[in-house]
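Nothing in this text is a laboratory measurement; each read-out follows from the coordinates by a stated rule. Please read these numbers as outputs of a predicted model, since none were measured by experiment. Neighbour counts are summed over all protein chains in view; Cβ atoms, including those assigned to glycine, are modelled from backbone coordinates with ideal geometry.
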Amino acid sequence: MARKGFSGVFITICISITLSLSAQSNATYQKTVPASIFEALQSISEGEGIITIHQSSEIRNRVGHVLTRNNQILGKEGNMYTVQGFRIQAYTGNTQESKSEAYSRAARIQNAFPEYNCYITFGAPFWRLQVGDFLTQQEAEEVKDLLKNALPGIAKEVYVVREKVRIRNYNPTTEMPNN
């Protein structure tokens, strides 16, 4: 008789332990995921210490963002920032007429697209004409297609290149390119 009473108590204890563990595991899954590393570190948990973080809002905004070479500021002059971006290469030549051809094409492009700057450079032995200052390759590709349609005579020579570009009032925390 004592054995039946003991087994009943044993079964009752096992059931209550199982229910208790089940309730604890459900409570574990109901925790919310912290929005940032700062929130995770500052959360209060039973049996753990308290962490207090003091930092400027600038640091808080930058943490968690991947800083690529596309949004690093390479230089600044007034409100113009030099950053890594893209331009459209519209001409490359190394003949005696290359300089005049580069300036001629720049004039045609400026007439068709006055909103984009033209850059003529000489790196021995090549004259180059590049157009625009774009943060993303996608933006440069879209303008390249417009340029090809507007000036079909130069369409075969037009392509996008990675280049240091000048951007007015650039803010790397709000202008995060995907490239």
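Remark: 76, 156 ranked as 156, 76, counting other beta-carbon atoms within 10 Å and listing the fewest first. Between the amide H of residue 117 and those of 132, 133, distances stay under 5 Å, these residues lying 5 or more places away or on another chain, with hydrogens modeled in the peptide plane. Taking other C-beta atoms within 10 angstrom as a stand-in for reagent exposure, 128, 108 fall in the order 108, 128, fewest first. For the residue pairs 144/164; 76/156; 99/148, alpha carbon separations beyond 23 Å are given by 76/156. Here region 73-168 is treated as a sphere whose radius is the Kirkwood value from Cα pairs; by Stokes-Einstein at 20 °C and 1.002 mPa s it diffuses with a coefficient of 157 µm²/s. The overall shape of region 88-140, judged from the alpha-carbon gyration tensor, is oblate: a/c is not under 1.5, and a/b is no greater than b/c. Going from the residue with the fewest nearby Cβ atoms within 10 Å to the one with the most, 162, 87 rank 162, 87.
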